[in-house]
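Peer 1: Here it is: the structure, laid out below.
The values are calculated or read from the model by the stated rules, or taken from the named source; none is laboratory data. Bear in mind that the values here come from a model prediction, so they are computed numbers and not experimental data. Quick reminder, even Gly has a Cβ in these numbers, built from the backbone with ideal geometry, and neighbours come from all protein chains shown. Keep in mind that these areas ignore ligands, DNA and RNA; they rest on the heavy atoms of the full protein, side chains included. Shrake-Rupley method; radii C 1.70, N 1.55, O 1.52, S 1.80 Å.
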Amino acid sequence: GAECGVNADVEKHLELGKKLLAAGQLADALSQFHAAVDGDPENYIAYYRRATVFLAMGKSKAALPDLTKVIELKMDFTAARLQRGHLLLKQGKLDEAEDDFKKVLKSSPSESEEKEAQLQLGKSDEMQRLRSQALDAFESADYGAAITFLDKILEVCVWDAELRELRAECFIKEGEPRKAISDLKAASKLKNDNTEAFYKISTLYYQLGDHELSLSEVRECLKLDQDHKRCFAHYKQVKKLNKLIESAEELIRDGRYMDATSKYESVMKTEPSVSEYTIRSKERICHCFSKDEKPVEAIRVCSEVLQVEPDNVNALKDRAEAYLIEEMYDEAIQDYETAQEHNENDQQIREGLEKAQRLLKQSQKRDYYKILGVKRNAKKQEIIKAYRKLALQWHPDNFQNEEEKKKAEKKFIDIAAAKEVLSDPEMRKKFDD
């Protein structure tokens, strides 16, 4: 009687789980099938139904042991064997998959099962051939051909971690690190405790100049194995570099541009072998010089960056600002226009270009700044000082020759007019506009 009661409960769980599965309530269906398995560990249907839910949830790793258990309990359950063969094929376990498909063909399958098993067996044979060709191409250092073969295999064997790692190696050799990272990330999820994949991802991000992602990935490696020698050594290097860059950026936010420049010089010394850090550091140093109104230095460093990266929008903007300080308006306009070609929605570029065009137009008429010999950002005190010096120099009473006196009078009037406009905030604003 007790046994009948247990079986009745199991049947109840199976029936309810079946209804929930049909309604798409996967988590609830899974709970019912768990209960059915616990209630009767020898019930192959309970395992099969639970495997079905696992597959519907995308949890193939969990489904595989259940399908294996079904086959142990009922050797002639061809549907379970066919399903397991599918999963093994996706994992790249070709010999095991072939064994399942062959056993399906020997077990009096239905017409559709026989057709499917033959199709999958043919597919598995093709994968074996392609795998052999891929390995031969890799050994011959023909990485492009190896990638072509591996692409075809991985369309079928999507969960094969080893083949993804092999393709990642090919991508690295072919100079495509981002594609390599994509494969290695997949491999890190497909294979448990894959410290090697995390280490490689971290080093690739580091070579690309992405120190933050490099640090994040190497930490994942150390979570799995805190004594991993290569990961720990790499972690110390990335952490040191990351700290310097974070410190430099904080100094820039605080307006301490020279201190930030010093930090970025340290970044270049800390990692001289990866060119990406040198060019990024120079880009930020160029920004610091521009913001600190050191135009000559800014133009020099920005130009170094733009020799390597002609389309670097940040360097173009910063050099344009430096050109404006130096009153080199044509050069500033050219840099802003180039920057705008690559980022047409940047408001800062648009405003900078309008300003440069306006200043160029002003420079072509009487320029009070030039008359007094001061920069456009000169303070009132500098303007008064320049005026006094020039007024003293060009006062008409200093000249005896009539022609020189007339020239001095004209100059003196211009100097006085410049002083009057530039020392009055409202008049100066109107002149600047």
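Peer 1: Hey, among the residues in segment 355-380 that are of a type in the set (S, T, Y) and within 47 Å of the chain's Cα centre (by Cα), which one's most open to solvent (accessible area, probe 1.4 Å)?
Peer 2: S363
Peer 1: While we're looking at this one, here's another question. Consider I383 carefully, then state whether it is under 51 Å from the mean Cα position of the chain (by Cα), assigned to a helix (DSSP H, G or I) and either surrounded by 12 or more Cβ atoms within 10 Å (Cβ to Cβ) or in contact (Cβ under 8 Å) with a residue 40 or more places away in the chain (or both).
Peer 2: Yes, satisfied.
Peer 1: Restricting to segment 36-50, what's the tally of residues that are open to solvent by 30 Å² or more (accessible area, probe 1.4 Å) and part of a helix (DSSP H, G or I)?
Peer 2: Final tally of qualifying residues: 7.
Peer 1: Can you find, within segment 303-343, the residue that is farthest from E283 (Cα to Cα) among those that are outside any helix (DSSP H, G or I) and under 27 Å from the mean Cα position of the chain (by Cα)?
Peer 2: Start the filter on segment 303-343 by keeping residues that are outside any helix (DSSP H, G or I), which leaves 309-312, 326-328, 343.
With the extra rule that they be under 27 Å from the mean Cα position of the chain (by Cα), the set shrinks to 309-312, 343.
Working: E309: 10, P310: 12, D311: 12, N312: 9, N343: 17 Å.
That would be N343.
Peer 1: Without any contact (Cβ under 8 Å) to a residue 40 or more places away in the chain and assigned by the TED database to the domain that holds D424: does that describe A315? Spell out how you get there, then give the answer.
Peer 2: Numbers: without any contact (Cβ under 8 Å) to a residue 40 or more places away in the chain: yes; assigned by the TED database to the domain that holds D424: no.
Against the criterion (without any contact (Cβ under 8 Å) to a residue 40 or more places away in the chain and assigned by the TED database to the domain that holds D424), A315 does not qualify.
Peer 1: Could you tell me which residue of segment 226-269 is nearest to the chain's Cα centre (by Cα), considering only residues that are of a type outside the set (D, E, K, R) and open to solvent by 90 Å² or more (accessible area, probe 1.4 Å)?
Peer 2: Among them, the one singled out is F232.
Peer 1: In addition: I'd like to know if segment 339-349 contains one or more residues that are closer than 23 Å to K291 by Cβ and loosely packed, with under 12 Cβ neighbours inside 10 Å.
Peer 2: So in segment 339-349, the residues closer than 23 Å to K291 by Cβ come out as 339-340, 342-343, 345-349.
Narrowing further to those that are loosely packed, with under 12 Cβ neighbours inside 10 Å: 345, 347.
Yes - at least one qualifying residue is present in segment 339-349.
Peer 1: Another question, then. Residues of segment 347-374 being out of contact with any helix residue (DSSP H, G or I) (no Cβ under 7 Å at 6 or more places or on another chain) and not in a helix (DSSP H, G or I), which ones?
Peer 2: Answer for segment 347-374, where residues must be out of contact with any helix residue (DSSP H, G or I) (no Cβ under 7 Å at 6 or more places or on another chain) and not in a helix (DSSP H, G or I): Q364, K365, R366, D367.
Peer 1: Still on this structure, I have one more. Do the conditions hold for I153, that is, is it touching a residue at least 24 places away in the same chain (Cβ under 8 Å) and surrounded by 14 or more Cβ atoms within 10 Å (Cβ to Cβ)?
Peer 2: Judged against the criteria, I153 is a match.
Peer 1: Looking at L67, is it in a helix (DSSP H, G or I), under 40 Å from the mean Cα position of the chain (by Cα) and touching a residue at least 40 places away in the same chain (Cβ under 8 Å)?
Peer 2: No, not satisfied.
Peer 1: Failed condition for P272, given (1) open to solvent by 20 Å² or more (accessible area, probe 1.4 Å); (2) at pLDDT 95 or above, with all others met?
Peer 2: Here P272 clears every test but (2).
Peer 1: Just need a number here: residues in segment 388-418 that are open to solvent by less than 50 Å² (accessible area, probe 1.4 Å) and in contact with a Lys or Arg (Cβ under 9 Å, 6 or more places away or on another chain).
Peer 2: Of the residues in that region, 7 qualify.
Peer 1: Please go through (1) more than 25 Å from R358 (Cβ to Cβ); (2) part of a helix (DSSP H, G or I) for I415 and return the number of the only condition it doesn't satisfy.
Peer 2: (1)
Peer 1: Something else now. Output the residues belonging to segment 393-410 that are closer than 13 Å to L372 by Cβ and either among the hydroxyl-bearing types (S, T, Y) or in contact with a helix residue (DSSP H, G or I) (Cβ under 8 Å, 6 or more places away or on another chain) (or both).
Peer 2: W394
For (1) assigned by the TED database to the domain that holds Q357; (2) of a type in the set (S, T, Y); (3) in contact with a Lys or Arg (Cβ under 8 Å, 6 or more places away or on another chain), each residue gets a yes or a no:
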position: S303; (1), (2), (3): yes, yes, yes
position: L306; (1), (2), (3): yes, no, yes
position: A320; (1), (2), (3): yes, no, no
position: Y329; (1), (2), (3): yes, yes, no
position: E337; (1), (2), (3): yes, no, no
position: N343; (1), (2), (3): yes, no, no
